[in-house]
Amino acid sequence: MPAPGRSPASGPSGGPDQSAAGAGVADAQAATRRRHPQPSAAHAPLPQSHAPLPAQRSGHGAVPAQPGPVPGQPHARERAVPESLTLLLIEAEPGSGPGIARMLEQAGAGRHGERIRVRTARNLTEAERLLGPDVHCILLDLSVSGEEAVAEDADPAREGDELEALREVLAMAPLHAVLTLTDEDDVELAAEAVRVGAQDYLFRGELDGRVLGRAIRYAVERKRADLAQSRLTASRLRAQENARLERGLLPTPLLAGSGLGFSACYRPGLPPPAAGATPTRALLGGDFYDAVRTPDGAVHAMIGDVCGHGPDEAALGVELRIAWRALTFAGLVGDELLATLQQVLENERADDEIFATMCTVDVSPDARRAGLYLAGHPAPLVAVPGGRPRLMPQELGGPALGLLPHARWPRQQVELGGAWSLMLYTDGLIEGRTGPGRGRLGQDGMLALVGRLLDEGLAGDDLLHGAVTEARALNGGDLTDDVAVLLLDRPPGPCGPGDRRS
């Protein structure tokens with residue numbers, strides 16, 4: 001923010017001396033610096049661009065934090081100061097002031113003689129009509145105030161506010177650079193104008209066309225930099241919020257002593273953009289998972305998917321995951337646990353149409369059998385050494401959470417054997433396309449894909465990442481839905497204590 005008491009204008013008080021412009025400007029600049037020792041906006045260095053934000057950690061790799069766009073504002077690169085500018089001048093009596101348009105025209109107004117076009121408005125009603133997308137900067141005469149500045153139905157309570165017109169301009173044009181024009185003896189008012197939101201102020205008696213042109217360009221560039229800084233700040237805050245949500249979505253499994261291996265892969269989807277918009281990958285989705293070992297030696301794993309995308313769905317997924325872990329450690333399993341989670345969802349969801357699918361598995365302490373509960377979720381995949389992958393039974397599954405009151409979710413017993421791999425996944429993995437047509441990968445395609453990877457000797461993290469990578473390649477690009485995959489495996493032979501996490 002410019003320091004109070006300085007002015008970017010540096011011409012002599014009586015206007016520009018066309019016959020000795022260079023000497024006159026230099027002498028006036030020296031005089032101005034003696035009166036106002038702070039650096040002038042017209043000569044101050046432009047704000048430095050900020051370094052890009054560090055990549056944000058996701059569950060399995062770094063996801064660059066994307067700067068959030070300011071509504072209605074193009075990317076910073078598109079807002080670079082153009083060679084040709086349009087200035088909207090708001091003054092109560094056009095032609096009675098220092099002759100801004102003539103001053104800019106006579107001086108050339110630019111670094112290489114390029115022109116600055118001027119539009120003139122007598123009040124804000126007229127200024128709003130003239131404020132088109134081609135206007136780059138607004139120069140407001142602070143003598144425009146009260147009834148001159150606003151429409152006839154202005155708020156009477158603000159008639160005594162000397163900066164009322166400026167506040168109206170800032171509200172009317174939040175994305176435009178704004179300069180104010182005032183008398184030399186109104187230093188405090190000029191400084192207050194900058195504090196309220198103007199990019200800089202000018203004194204009538206010290207205007208010079210060339211310096212005024214530089215001040216206008218500086219104001220436009222400063223506004224562009226301010227908007228870029230706002231985007232970076234908003235992006236940084238969003239990244240912090242996403243990191244907190246991500247820690248809830250991607251938990252640390254508690255499997256010490258189980259002898260089971262654990263791997264997981266999580267990748268937010270890339271939904272189709274609206275017409276004319278640029279595709280942007282969300283940092284968070286509505287998928288969630290967890291795995292814990294209870295004091296009785298049983299291992300419990302779950303995976304779920306809240307319908308929709310974005311931070312609200314991600315937050316609900318975090319709540320359901322935390323509730324599942326707490327209820328599991330409290331001794332609830334299966335139907336009773338899912339019924340309680342449905343109550344949590346019904347009380348926490350923002351809309352009655354929001355639901356969540358879920359799959360829970362409880363592996364016995366000897367790791368040879370498992371109980372399966374499906375709430376509108378695809379059945380897990382199980383593979384044994386030397387055999388082909390197969391789906392666990394899904395005929396007795398119940399509805400998704402949040403769809404039917406008093407729903408029931410029956411238990412299905414599955415024999416696993418001595419060595420096995422159990423893969424839980426969300427539907428984002430199987431709903432990708434397999435070519436330019438309408439064909440989807442589906443569960444059968446996933447079984448074949450995983451079977452090929454197992455034949456190649458892949459296991460653990462490599463198996464999961466290989467499956468997601470091949471599904472993406474078959475889709476011809478990023479999968480539109482979020483993908484979460486969890487793998488529990490019991491290797492052949494005696495199992496030692498410990499667990500691993502990707």
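The values are calculated or read from the model by the stated rules, or taken from the named source; none is laboratory data. Predicted model, so just to flag it, every value in this text is computed and none were measured. Every residue, glycine as well, gets a Cβ built from its backbone with ideal geometry; the counts of neighbours run over all protein chains shown. Only protein heavy atoms, including side chains, enter the accessible area calculation; ligands, DNA and RNA are left aside. Shrake-Rupley method; radii C 1.70, N 1.55, O 1.52, S 1.80 Å.
So here's what we get for this one:
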item: Computed E for Ile322/Asp352 - FRET, C-beta separation, R0 22 angstrom, nearest 0.05; result: 0.45
item: Heavy atoms of Asp183: accessible area, 1.4 Å probe, square angstrom to 10; result: 70 Å²
item: Most to least packed among 418-428, 344-354, 324-334 [average Cβ atoms within 10 Å]; result: 418-428, 324-334, 344-354
item: Pairwise FRET efficiency - Arg408 versus Glu188, Cβ, R0 = 56 Å, nearest 0.05; result: 0.15
item: Separation in nanometres of the label points that stand 7 Å from Cα toward Cβ, at Arg167 and Leu332; result: 5.2 nm
item: Heavy-atom surface of segment 373-467, accessible at 1.4 Å and reported per residue (Å²); result: 46 Å²
item: Segment Thr125-Thr469, length gained on full extension (0.36 nm per residue, minus Cα span); result: 118.1 nm
item: Interatomic Cα distance distribution for segment 351-414, bins of 10 angstrom, percent; result: 21, 44, 25, 8, 1
item: Proximal charge balance of Val414 [Cβ under 12 Å; K/R count +1, D/E count -1]; result: +2
item: More than 26 Å apart - percent of Cα-Cα pairs taken over segment 354-502; result: 28 percent
item: Volume per residue of the C-alpha convex hull in segment 179-258, rounded to whole Å³; result: 104 Å³
item: Computed lengthening from Thr480 to Leu458, 0.36 nm per intervening residue step minus Cα-Cα distance; result: 5.4 nm
item: Packing-based order for 185-191, 405-411, 467-473, using average beta carbon neighbours within 10 Å, highest first; result: 467-473, 185-191, 405-411
item: Packing-based ranking, highest mean first, of 392-398, 486-492 given that Cβ atoms within 10 Å are counted; result: 486-492, 392-398
item: Radius 12 Å from Cβ of Ala367, net charge of other residues (Lys, Arg +1; Asp, Glu -1); result: 0
